[in-house]
């Protein structure tokens, strides 16, 4: 029964994470966000092309997906199927749900396994798993964004700091490992942005859009 609880938690969390919020918001406006700007379905691309309200909505909904997977779905499944669990077993159930939610967002089954970069969904997961670590990396993101106006650079540096912030605030090796995986995945998904940062062609928040980004990339 415990194994089934893990499988069900992973499946439910993946399906929650896979809801392509940015794509759906774009479709409601008659647009395919995958064909605009970077081609990404995340909040930053939505913000640039559909406006601030739409971008904020997508950001919050993508974060909510991650939070629901860890803070609501996993405990409900544990109660329903798992019965009494040790703290370590329950922690691993939430960790599995966390990773599944992020992978669902990044590789959504509804868009041929091409999705977003996982920053907002990872933030929602982190709020549920390690809220103090979230505050630290949010601070890193805000400072970098304020200094450079590069959303991507703030996301990459916050992702790099994530496992260190988790260890500092939780002293949990398990959580440090899983947040390290989440951070590495987020940095990998930003590889196109990193290249544009190095080339000097990355767009700044609120700045004039640079047309030489190349074809849209959904990854």
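Where a number appears in this text, it was derived from the coordinates with a stated rule and is not lab data. Since the structure is predicted, the reported quantities are computational estimates derived from the model, not experimental observations. Reconstructed Cβ throughout: ideal geometry from the backbone, glycine too, with neighbour counts over all protein chains shown.
A few points about this structure:
- Of the residues 88, 175, 205, the one that moves most in a GNM of the chain with alpha-carbon contacts below 10 Å is 88.
- Extension gain for the segment residue 52 to residue 173, taken as residue separation times 0.36 nm less the Cα-Cα distance, is 39.8 nm to one decimal.
- Arranged from fewest to most other beta-carbon atoms within 10 Å of their beta carbon, 59, 81 become 81, 59.
- Under 13 Å from a label point set 7 Å out along the Cα-to-Cβ vector of residue 198, no amide N atom of segment 111-129 is found.
- Residue order for 64, 129, fewest other beta carbons within 10 angstrom first, comes to 64, 129.
- Most fluctuating residue given options 109, 147, 96, as computed from a GNM of the chain linking Cα atoms under 10 Å: 147
- The length gained by stretching the chain between residue 92 and residue 188 to full extension, at 0.36 nm per residue less their Cα-Cα distance, is 32.2 nm.
- For the pair segment 36-75 / segment 104-167, the C-alpha centres are spaced 12 Å from each other.
- Near-label residues of segment 1-27 by backbone N, under 20 Å of a point 7 Å along Cα→Cβ of residue 76: 2-21
- Fewest-first ranking of 1, 85, using other Cβ atoms within 10 Å as the exposure measure: 1, 85
- Most fluctuating residue given options 28, 122, 159, as computed from a GNM of the chain linking Cα atoms under 10 Å: 28
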